[in-house]
Every structure is written in C-alpha cells, then in structure tokens.
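Peer 1: Before I ask anything, here is the structure I am working with.
The values are calculated or read from the model by the stated rules, or taken from the named source; none is laboratory data. Please read these numbers as outputs of a predicted model, since none were measured by experiment. Quick reminder, even Gly has a Cβ in these numbers, built from the backbone with ideal geometry, and neighbours come from all protein chains shown. Note: areas computed on protein heavy atoms with side chains; ligands, DNA, RNA excluded. Shrake-Rupley method; radii C 1.70, N 1.55, O 1.52, S 1.80 Å.
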Amino acid sequence: MEAGNEREQVLADYGALLRAFLPQVSGFYSYSQDGSSLWSAEPNPPVPLTTDYQTALTALLTEPGAGASRVELGPTVAYLVSLLNEKRQPLGALVLLVPAGAATMTAADCAALVLPASRTLERELSLRVRLLEGYRKLSVQAAEERLLHEVEHAVQGPPDCQAMLGRILGLCRHYLQLQT
C-alpha cells in the first residue's frame, strides 16, 4: 500500500470512529499544524468555508490551549477541535461538520465527546511527525557520511595539495548544493 493511501485509510478509519460517537456528523476535515489538509470527508453538497472558519482554524493551529471552536456555516455548524502534541503544542485540527438543526452542543462539549478519538489521532500524528523527523535526520547523516568517505578518498590520492583541496572543495560544494 502506498504511504499516501495508507494515511488516507488510517484517517478514514478515524472518521468512521467519530461517526460512531456522533452519527449526525455530515463531514470531516483534518489539518496539519501548517494548515494544510490531511484528510477530508466532505458532505454532499460541500459546505462553503467562511472567513470566521479560517480565523477559528488559524487560532487553533497557532495558539497553544485554544481548545475548540464552534462556527456557523449557514445550514451547517463546524466544530473545530485542536490536536496537540505531547508538549501540548498545536499539532493540527479536527473539524466535524454537523447540520445546524442537530448541532446543539457547545464546542467544549463536542471536544469532550470526541476526546478518546482525538487523543488517539494526536498520538498517531505525533508518531508520524517523529518518523518524518527521524527520516530527515538519517538522510542528512547519510549525506554527511558520503561526503566524509569521498573526502577520505580524495586525501588518500596523489599528494598534489592543490588538486586535493580543489577536490575537497568540490565535494563540499556538492554536499551543500552550492553553485560554483
């Protein structure tokens, strides 16, 4: 299974779990900390997202402890729930879309109701962030090791100092992706 499809399936499973908690939910959005969409299950017809919605989402993604918000979107109400990492810093947001007639809860009540699912989703996203950071560090370390091996090879060559320094400089430029 491809990584993108796997992530989609995992997040779709969370959607099914959340529908079990709130059967009246008509759609979901989930966002990463930078505001990009991770996954969505949009209602039919799609709900137009307002400036108030964007403002509430930005607050959840940038303000630690923002908690949850409730934004009316015409015939639909959006419950925005903050997702936090283990340091209680914003990790992303989960949005539940509910028809206005069925949206009788406060934002805090909705967040409390979906707390088991949101905590599990927080752990899942935190693990994914750590895995990506680990992969990035390993990639940098591998590039540094390649550079060291190439420099060692250049030093073991003929004792022409000028050529050796030129080769080492070229390897460093390549590693740092600098133009000559």
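Peer 1: For the chain, calculate the relative contact order in percent as a whole number, restricting contacts to Cα pairs under 8 Å that are 6 or more residues apart.
Peer 2: 17 percent
Peer 1: Do you know the relative contact order of segment 59-158, to the nearest whole percent, from alpha carbon pairs under 8 angstrom that are 6+ apart?
Peer 2: 21 percent
Peer 1: Between exposed GluC sites (Glu not before Pro) in the chain, where DSSP calls loop and at most 13 other Cβ atoms lie within 10 Å, what's the longest gap?
Peer 2: Between the exposed loop sites, the longest stretch runs 87-180.
Peer 1: Loop only by DSSP, 11 or fewer other Cβ within 10 Å of the Cβ. Give me the trypsin sites (Lys or Arg not before Pro) in segment 69-131 that pass, ordered by residue number.
Peer 2: Of the trypsin sites (Lys or Arg not before Pro), the ones in loops of segment 69-131 whose Cβ has at most 11 other Cβ atoms within 10 Å are Lys87, Arg88.
Peer 1: Could you estimate the translational diffusion coefficient of the chain from the Stokes-Einstein equation, with Rh from the Kirkwood formula over C-alpha pairs, at 25 °C and 0.890 mPa s, in whole µm²/s?
Peer 2: Result for D is 128 µm²/s.
Peer 1: Would you work out the Kirkwood radius for segment 11-69? I mean one over the mean of 1/r across all pairs of different Cα atoms, in Å.
Peer 2: It works out to 12.7 Å.
Peer 1: Sticking with this structure for a sec: Please compute the length gained on full extension between Tyr175 and Leu49, using 0.36 nm multiplied by the number of residues separating them and subtracting their Cα-Cα distance.
Peer 2: Length gained, Tyr175 through Leu49: 40.9 nm.
Peer 1: While we're here: What size of dipole, in debye to the nearest 20, comes out for the chain about its Cα centre when the only charges are +1 on Lys and Arg C-beta atoms and -1 on Asp and Glu C-beta atoms?
Peer 2: For the chain, the charge dipole is close to 220 debye.
Peer 1: If each of Arg136 and Asn85 carries a label point 7 Å out from its Cα toward its Cβ, how far apart are those two points in nm?
Peer 2: Taking the two extended label points, one gets 0.9 nm.
Peer 1: Okay, next question. On a 0 to 90° scale, report how tilted helix 3-21 is relative to the longest principal axis of the chain, with both axes built from alpha carbons and the result rounded to the nearest 10.
Peer 2: 20 degrees
Peer 1: A further question on this structure: So with the 1.4 Å probe, I'd like the accessible area per residue for the chain, rounded to whole Å².
Peer 2: Ligands and nucleic acids excluded, the figure is 61 Å² per residue.
Peer 1: Report D for segment 82-180 in µm² per second (integer): Stokes-Einstein, Kirkwood Rh on Cα pairs, 20 °C, 1.002 mPa s.
Peer 2: Stokes-Einstein gives a translational diffusion coefficient of 118 µm²/s.
Peer 1: Show Asp52, Asp109 ordered by accessible area, largest first, where the area counts protein heavy atoms only and the probe is 1.4 Å.
Peer 2: Asp52, Asp109
Peer 1: Using only helices, what value at 222 nm comes out for the chain when you add -39,500 (n - 2.57) per DSSP H run of length 4 or more and divide by the total residues, to the nearest 500 deg cm²/dmol?
Peer 2: Calculated at 222 nm, the ellipticity per residue is -18000 deg cm²/dmol.
Peer 1: Sticking with this structure for a sec: With each label point set 7 Å from Cα along the Cα-Cβ vector, what nm distance links Glu145 and Gln24?
Peer 2: 5.7 nm
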